[in-house]
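Reading through the structure tokens given below for one structure.
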Amino acid sequence: MILGRRAFLASVGAATTGLALGLYREAEAGRTAPVPVATARMNDFIQIGTDGQVTIVCHRSEMGQGIRSSLPVLIADELGADHTKIKVVQGDGDPKYGDQNTDGSTSIRNFFDLMRTIGAGAREMLIASAAAEWHVPAARLVAHDDAVHDPKTKKSLSFAQLVLGAAGLPPPRSPKLRPLAELAHLGTDLPLRDGPAYVQGTAKYAADIIVPGMLVAVIARPPANLGKVGTLDATRARAMPGVRAVVTLPVPVAPLASQPLGGVAVIADHTWAALRGRAALDLQWDAGPNGTYDSTAYTQALLAAVRAPGEVIRKVGDVDAALASAATRVEAEYVVPHLVHAPMEPMAALARVDKDRCEVWACTQDPQDAREAVAAALKIPKENVTIHVTFLGGGFGRKSIPDFCVEAALLAREVKAPVRVQWTREDEIQHAYYHTHSAQTLAAGLDAAGNVVAWRQRAAYPSIGATFKDGVTHPSGGELGQGLTDLPLAIPNVRFETGAAPQHVRIGWMRSVNNVQQAFAVQSFIDELAHATRRDMRDMLLRVLGPARKVDERELGVDKVSNYGAKLADHPIDVARYHRVIERVTELAQWDKQRAAGRALGLAVHRSFLSYIGVVASAVKTPTGWAIDEAWVVGDAGIVVNAERVRSQLEGAVIFAMSSALHGQITMKAGAVEQRNFHDYRLVRMPAAPRAIHVELIKSDAKPGGIGEPGVPPVAPAIANAAFALTGVRLRTFPMQPI
């Protein structure tokens, strides 16, 4: 269960003080270390020692986005602690921390005020302790630099001196937040706290954790979803040096959700022995109900679905009449194949089971979901499951689903020893939760003056919902709200439809989710309209978006827009913010010289996860075709906590999106993935990366938006539009050039 804001604040403010002496558990497996001083627990997130050491829990998973460098500093600033001296520890999976699913670009936008409230509550307790010590009104005291100060008397008491008294006080119910101007590090370039550990090789990932008696498992999984073992002879595998056991995993049943895929595990003293044992299995598969799935044939089925009328999800005016009477009609189809996350670190999880208790170390984005999934698989109370979160070597949504944690727990129970399940790169590519396979068709009607008077868009793709519930054949409202039902259009006649698309593979969340294909189609199509009317893309884009305004459901022609779980009143769809990023990114890229010096520019803009991102890509000719040599990104994410990490994530989004757009394609025959590793599922290498990625953040006092994902969606259409401007060839599907 995910705690709501009110319940979360209540949990923080109720019975959270305490005094800890002696020992605390480190994040590393099975080790304890003495604490030489008393430590007061101000709340579930803050501990302060009598030596002045402030320790802050980071309850979100760190995967390079710098959340351990951002949220704790926000707490420290509100508390009045020196952020360079604080200690940050990783929180285990526990409902007391509220939502821990580090997904959906939610860490800052959902926890900005909550983390400040946590810091403010502890600050007020320390101030109250000082006020009692000095017999003065608390209202005149201030906290900064790890101490409480009385401006009138010039007295000061350190947090170390006050903490034991503060720990005995009742937590404030509604602590007062500092003015934003007092948060000294808000919007600055904060140092990457874990950077030295990454560089020096001391950062602990799931594959680095070792406990006594540990074994390593690799698994041969069915090639097709819901497949199972047909025949198995494990004689050669068991004879391999170091192999301890061969275990057949349970056969999954639909819906797959976070179940393991089944198959056969080879458990050994070390990874190499397990890999050799797996290779020695004499194994034949029963392909099951998805054994005939062919992604090429499925593309044609999706196109057939969008070429026919579908389920209407958004309607304004009379599109059919407007299209019939239009002076010009423009139509186009766009296809995005299955894609895969390809994080640098494949999945790994270590589990230790002792009777009805289980301890897991994993590179998980969602430790509470992992806790529940492991408990359900072992049929033990979830309170008996502990999930320790390691560093993640990338996640991109794949590590939100804990099937790999369940695999480790089941095998540890089976062999009665700790087991680390290690996925290989081939496992990660061939047995993923894939980005959905989609087709879209768009039609626009133009009047004699070239104005867009009608817009019809149809989309078909398997829903993530089908992974978790049988019978789902259409996208959910949340999926459609990622660039379709929330798209502002200053067009009098608009209709959006969806076609049926049954699921044949596990579909999951991938960085920016359905914004990938929806931004690609919309922004590419607007460029096509610009070309058809001989208008500049920037001009056409601004015309289609219309004048600066805040857009509501009535204008959109929908009953409700999901808005990434936020209220429209707090995060309106604001066309003025679209305009600002368009105008600034084109200014930076010298859009008025878009075809100068052998280059051609492409423009795209997209709002996702409550942030607005504009991208311009520069395409240049090469001896073998064309390449992207430069990119400009302008973002409006509202209030920014850590500017350096925001810029870094937007730079990374360009490379991630380029990899998908230029090379991304997962194909399937007989239900099995044809790609295996980076030789046939390519990522952008250094020589193909832009020589420069320019990032600028627009200063804003709007509530924080997300940032981990919003940089991805506008990159592919900006590239497609730049390539068209350079070559005259329109690219409407991934990959955009031969692999």
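Rounded to the nearest 500 deg cm²/dmol, what is the calculated helix-only ellipticity per residue at 222 nm for the chain, with -39500 (n - 2.57) per DSSP H run of length n ≥ 4?
Calculated at 222 nm, the ellipticity per residue is -9000 deg cm²/dmol.
Anything over 26 Å Cα to Cα? Flag those among Lys87/Lys176; Lys228/Lys669; Lys228/Lys399; Lys96/Lys550; Lys379/Lys399; Lys85/Lys204, in the order listed.
Lys96/Lys550
Counting only C-alpha contacts under 8 Å and six or more residues apart, can you give the relative contact order of the chain as a whole percent? Mind showing how you got there, number by number?
Details: 1739 pairs, mean separation 99.3, N = 739.
Rounded, it is 13 percent for the chain.
Could you tell me which of His679, Asn290, Ala324 has its Cα farthest along the dipole of the chain towards the positive end, charges placed at Cβ (Lys, Arg +1; Asp, Glu -1), taken about the Cα centre?
His679
How much accessible area does Val729 have with a 1.4 Å probe, in Å² rounded to the nearest 10?
80
Students often forget the sequence filter, so: which aspartates and glutamates lie under 12 Å Cα-Cα from Lys703 once same-chain residues fewer than 8 apart are removed?
Asp113, Asp570, Asp636
Modelled label-to-label distance, Arg685 and Arg140, 7 Å Cα→beta-carbon offset: nm?
Distance between the two pseudo-spin positions: 7.1 nm.
Provide the percentage of antiparallel DSSP beta bridges, counting only those with both residues in the range 29-172; round to the nearest 5. Mind dumping the intermediate values first?
Working: 13 of 17 bridges.
Counting only bridges with both partners in the range 29-172, antiparallel ones make up about 75 percent.
Measure off 7 Å from each Cα along the Cα-to-Cβ vector at Thr248 and Ala670, then give the distance between these two points in nanometres to one decimal.
My value for the distance between the label points is 2.1 nm.
What percent do you get for the relative contact order of the range 499-615 when only Cα pairs under 8 Å and 6+ apart count? Provide the component values of the computation, followed by the final result.
Numbers: 86 pairs, mean separation 26.7, N = 117.
After rounding, I find 23 percent.
Pop the C-beta distance of Asn451 and Ala643 into the FRET formula with R0 = 56 Å and round what comes out to the nearest 0.05.
Using R0 = 56 Å, I get an efficiency of 0.90.
Rounded to the nearest 5, what % of the DSSP beta bridges within the chain are antiparallel ones?
Numbers: 94 of 121 bridges.
Beta bridges within the chain, antiparallel portion: roughly 80 percent.
Would you calculate the convex hull of the Cα atoms in the range 475-533 and tell me its volume per residue in Å³?
Once divided by residue count, the hull of the range 475-533 is 116 Å³.
So for each of 630-641, 580-591 I average, over its residues, the number of other beta carbons within 10 Å; can you give me the resulting order with the highest mean first?
Highest to lowest by the protection proxy: 630-641, 580-591.
Any idea what the dipole of the chain comes to, in debye rounded to 20, about its Cα centre with Lys/Arg Cβ at +1 and Asp/Glu Cβ at -1?
160
Give me the percent of accessible area attributable to carbon and sulfur for the range 206-253, probe 1.4 angstrom.
C and S atoms contribute 58 percent here.
Compute the distance in nm between two label points, each set 7 Å from the Cα along the Cα-to-Cβ direction, one at Asn677 and one at Ala297.
The modelled label-to-label distance comes out at 3.1 nm.
Give me the net charge for the shell around Val266: Cβ to Cβ below 14 angstrom, other residues only, Lys and Arg +1, Asp and Glu -1.
Local charge sum for Val266: +1.
Computing the accessible area with a 1.4 Å probe over protein heavy atoms, can you report the carbon and sulfur percentage for the range 475-569?
Carbon plus sulfur share of accessible area: 50 percent.
About the Cα centre of the range 599-711, how large is the charge dipole given +1 on each Lys and Arg Cβ and -1 on each Asp and Glu Cβ? Please answer in debye to the nearest 20.
200
Averaged per residue, what accessible surface does the range 296-383 expose to a 1.4 Å probe, in Å²?
42
Any aspartates and glutamates with Cα under 12 Å of the Lys560 Cα? List them, leaving off those in the same chain fewer than 8 positions away.
Output for Lys560: Asp486, Asp552.
Sort all Cα-Cα distances of the chain into consecutive 20 angstrom bins from zero, then give the percent of pairs in each bin up to the one containing the longest distance.
Going out from 0 Å in 20 Å bins, the chain shows 17, 46, 31, 6, 0 percent.
Among bridges DSSP assigns within the range 381-504, what percent are antiparallel (round to 5)?
Percent antiparallel among DSSP bridges in the range 381-504 is about 60.
Once Rh for the range 33-117 is found with the Kirkwood sum over Cα pairs, what is the Stokes-Einstein diffusion coefficient at 20 °C and 1.002 mPa s, in µm²/s?
Once the numbers are plugged in, D ends up at 160 µm²/s.
Select from His149, Ala234, Gly557 the residue farthest towards the positive end of the dipole of the chain; place +1 on Cβ of Lys and Arg, -1 on Cβ of Asp and Glu, and compute about the Cα centre.
His149
With Cβ to Cβ distances under 15 Å as the rule, what net charge do the other residues near Ala720 carry (K, R +1; D, E -1)? It would help to have the intermediate numbers written out before the result.
Details: positive: Arg730, Arg732; negative: Glu333, Asp527, Glu528.
Within the 15 Å Cβ shell, the charges total -1.
Listed highest first by mean packing, meaning other Cβ atoms within 10 Å per residue, what order do 148-154, 190-196 come in?
In descending order of packing, they fall as 190-196, 148-154.
Based on a Kirkwood Rh over C-alpha pairs, give the Stokes-Einstein translational diffusion coefficient of the range 554-694 at 37 °C and viscosity 0.692 mPa s in µm²/s.
Estimated diffusion coefficient is 187 µm²/s.
Residues with beta-carbon under 10 Å from that of Gly705, excluding Gly705: net charge, scoring Lys, Arg +1 and Asp, Glu -1?
Value of the local net charge: +3.
Positive end of the dipole of the chain, charges at C-beta (+1 Lys, Arg; -1 Asp, Glu), about the Cα centre: which of Gly119, Gln517, Gly195 has its Cα farthest in that direction?
Comparing the listed Cα positions along the dipole, Gly195 ranks first.
With a 1.4 Å probe and all protein chains in place, put Tyr434, Tyr198 in order of accessible area, largest first. Walk me through the numbers before you get to the answer.
Numbers: Tyr434 10, Tyr198 70 Å².
Largest accessible area first, the list is Tyr198, Tyr434.
Might you work out the accessible area of Arg276 for me, using a 1.4 Å probe with all protein chains in place, and round it to the nearest 10 Å²?
Around 100 Å² of this residue is reachable by solvent.
Please state, to two decimals, what the Cα-based radius of gyration of the range 525-568 comes to when divided by 2.2 N^0.38 Å (N = residues). Kindly include the intermediate steps, with their values, before the conclusion.
Numbers: Rg = 14.0 Å, N = 44, 2.2 N^0.38 = 9.3 Å.
Normalised Cα radius of gyration, the range 525-568: 1.51.
The values are calculated or read from the model by the stated rules, or taken from the named source; none is laboratory data. All figures in this text were calculated on a predicted structure; none of them were measured in a lab. Note that each Cβ is placed from the backbone with ideal geometry, even for glycine, and that neighbours are counted across all protein chains shown. Accessible surface areas use protein heavy atoms only, side chains included; no ligands, DNA or RNA. Shrake-Rupley method; radii C 1.70, N 1.55, O 1.52, S 1.80 Å.
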